[in-house]
Amino acid sequence: MQTMRLGSTDLELTRIGLGTWAIGGGGWEYGWGPQDDRDSILTVIRAVELGINWLDTAAIYGLGHSEEIVRKALKELRHRPLLATKCGRGARPDGTIFPNLNRKTVLAECDASLKRLGVGVIDLYQIHWPEPDEKIEEAWESMARLKEQGKVRHIGVSNFSLQQLKRIAQIHPVASLQPPYSMLRRDVEKEVLAYCEAQGIGVLAYSPIGRGLLTGKWTKERSATLTDDDHRRRMPDFNEPGLSINLELVEGLRAIASRYDRSVAELAIAWVLRNDSVTAAIVGGRRPDQIGETALAGDWRLSDDDIDEINSLLERRDNKMAKV
């Protein structure tokens, strides 16, 4: 599997990383509904067997459960993949989430993640969300301190705006940005990707398959059966009229993917990776067969004609969404 250096760091990452948000399961505000832990462990193992050399998780995923599952999977692996995790979110007793970015909690969260993961150092430690905004400098100073202490190798951020990146870069260089980036979320193309490339900041795109919408397997019936603790139930893209518009896009993408005997999910991931500013795409999986399919997208280079055809489909989708 192809690799790419993460910005100015010494980390060589495969173009696909395994995202472990969904294996955190349900029971919290941004959960994905019920999840079988053994399926989760086997998914991590399968990803590494296929050549994926890094995992992305977060302390808040399943309120620590995702990191615990990663630890259990690591015990069954001969070689440890690179680990990325995140801090900066807290949870109330009812599972709702709140921002938590002060110096004390950032330091404490790192120690807790090290313990849950069962490792001595985290390869990439990231601020999950820049909230509250007025605390990002304090939090970033704490991240730099963790690096000095040797508890983390590199520090990055997730979901930061261009201006927020510039603010914290004055304190310590930013190793990476983890933004949402897919055919359905393209805001970072306006300014952020160019800035990251110019500054040597690696980009790890999350949700490249739109939380499952761009897999080619999503249906209206499936949306209707989402459980109450699946956060997608509340998202406009998974409800009408946006759902029908997105599924129409998927049918257009299916025609392109089928010409290469590929899946829509592979096409969606390859589209994200076509951008040279993107280091890698974080692809989630809840079962071994899912990551077995999407891992293949890391080596697919789309042609200019394919990209032009996709852009036409996206323009049509955007025009319809604008009228909603």
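Brief remarks follow.
- Residues that are touching a Phe, Trp or Tyr at 6+ places or on another chain (Cβ under 7 Å) and touching a residue at least 12 places away in the same chain (Cβ under 8 Å) occur in segment 1-16; there is at least one.
- Exactly one residue out of 211, 234 is among the basic types (Lys, Arg) and under 26 Å from residue 297 (Cβ atoms), and it is 211.
- If you go through segment 5-29 and keep only what is part of a loop (DSSP other than H, G, I, E, B) and over 14 Å from the mean Cα position of the chain (by Cα), you end up with 6, 7, 8, 9, 10, 11, 25, 26, 27, 28, 29.
- Yes/no for residue 88 being under 19 Å from residue 157 (Cβ atoms) and open to solvent by less than 10 Å² (accessible area, probe 1.4 Å): yes
- Just one of the listed residues (302, 267) is under 22 Å from the mean Cα position of the chain (by Cα), part of a helix (DSSP H, G or I) and free of Cβ contacts under 8 Å to residues at least 60 places away in the same chain, namely 267.
- Taken over segment 198-225, the criterion of being touching a residue at least 12 places away in the same chain (Cβ under 8 Å) and more than 24 Å from residue 267 (Cβ to Cβ) is satisfied by 199, 200, 201.
- Within segment 143-150, not a single residue is without any contact (Cβ under 8 Å) to a residue 40 or more places away in the chain and touching a Ser or Thr at 6+ places or on another chain (Cβ under 9 Å).
- Selection within segment 98-115 - touching a Lys or Arg at 6+ places or on another chain (Cβ under 9 Å) and either among the polar types (S, T, N, Q) or part of a loop (DSSP other than H, G, I, E, B) (or both): 100, 101, 102, 113
- Top-ranked residue of segment 11-50 - restricted to ones that are touching a strand residue (DSSP E or B) at 6+ places or on another chain (Cβ under 8 Å) and open to solvent by 50 Å² or more (accessible area, probe 1.4 Å), ranked as nearest to residue 169 (Cα to Cα): 12
- Filtering 296, 273, 267 for residues that are aliphatic (A, V, I, L, M) and open to solvent by 20 Å² or more (accessible area, probe 1.4 Å) leaves a single hit, 296.
- Long-range neighbours under 6 Å by Cβ, at least six apart or interchain, first residue touching a residue at least 60 places away in the same chain (Cβ under 8 Å) within segment 229-249, second outside any helix (DSSP H, G or I) and open to solvent by 70 Å² or more (accessible area, probe 1.4 Å): 231/30; 241/324
- Hits in segment 222-260 - residues which are assigned to a helix (DSSP H, G or I) and either charged (D, E, K, R) or in contact with a strand residue (DSSP E or B) (Cβ under 6 Å, 6 or more places away or on another chain) (or both): 222, 232, 233, 234, 237, 248, 251, 254, 259
- Test: residue in segment 79-92 that is in contact with an Asp or Glu (Cβ under 6 Å, 6 or more places away or on another chain), more than 18 Å from residue 139 (Cα to Cα) and not in a helix (DSSP H, G or I): yes
- Qualifying residue in segment 109-132 (condition: among the acidic types (Asp, Glu), more than 15 Å from residue 155 (Cβ to Cβ), without any contact (Cβ under 8 Å) to a residue 40 or more places away in the chain and open to solvent by 60 Å² or more (accessible area, probe 1.4 Å)): no
- Considering residues of segment 278-293 that are more than 16 Å from the chain's Cα centre (by Cα) and either small (Gly, Ala, Ser) or open to solvent by less than 80 Å² (accessible area, probe 1.4 Å) (or both) only, the residue modelled with the highest pLDDT: 288
- Which numbered condition residue 95 misses (of (1) in a loop (DSSP other than H, G, I, E, B); (2) out of contact with any strand residue (DSSP E or B) (no Cβ under 9 Å at 6 or more places or on another chain); (3) open to solvent by 10 Å² or more (accessible area, probe 1.4 Å); (4) within 21 Å of residue 158 (Cβ to Cβ)): (3)
The values are calculated or read from the model by the stated rules, or taken from the named source; none is laboratory data. Predicted, not measured: the structure shown is a model, and the values here were computed from it. All Cβ positions, glycine included, derive from the backbone under ideal geometry; neighbour counts span all protein chains shown. Each accessible area value is taken on the protein alone, full model and side chains, heavy atoms only, with ligands, DNA and RNA left out. Shrake-Rupley method; radii C 1.70, N 1.55, O 1.52, S 1.80 Å.
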